[in-house]
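Taking it in order: structure first as structure tokens, then the write-up.
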């Protein structure tokens, strides 16, 4: 009664999906009704048709069992754009400017304000604390003069402990 097919994801991985769309609830056996529920369907309260379940009412484990992966909304939009256009080059050239996803197609939120200098400095201090806690003073090799010029100045801790850093802050690009 259901349709089973393979879906190739944007990264070339294949997943198997079972689709129950277009089926009446009364036409499903108890086993099919259970599989439909696990596949993300539920009976409509208005009629005898199956509809998609509300993801806000589902657990993360249920979503993962359906084949969904944890990702940001912007990453999900980017993957949908890749699905629609076929390649990243075509996504970049997209002319569907009336599409609500169009501003987000590159995987960035154009409406998000850049971080203030205070936020950037706070991030630098956080990274320095993480590095100091992970490696302690003097346990990491020092930077070469060229590499030191690229690392933001952070209260001396990051400068002393940032040979091969587990978490890198963005270089200070302000003039």
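Computed from the coordinates by the stated procedures, all read-outs in this text should not be read as laboratory data. These numbers were taken from a predicted model, which means no experiment stands behind them. Because the Cβ atoms are built from the backbone with ideal geometry, glycine has one as well, and the counts that use them run over all protein chains shown.
A few points about this structure:
- Shape analysis of segment 9-122 places it in the prolate category; the axes a ≥ b ≥ c from the Cα gyration tensor give an a/c of at least 1.5, with a/b above b/c.
- Projected over every direction and averaged, the convex hull enclosing the alpha-carbon atoms of segment 51-118 yields 7.3 nm².
- Pairwise FRET efficiency - residue 79 versus residue 118, Cβ, R0 = 41 Å, nearest 0.05: 0.75
- Gyration tensor verdict on segment 23-86 (Cα atoms; rounded if a/c is under 1.5, prolate if a/b is larger than b/c, oblate otherwise): prolate
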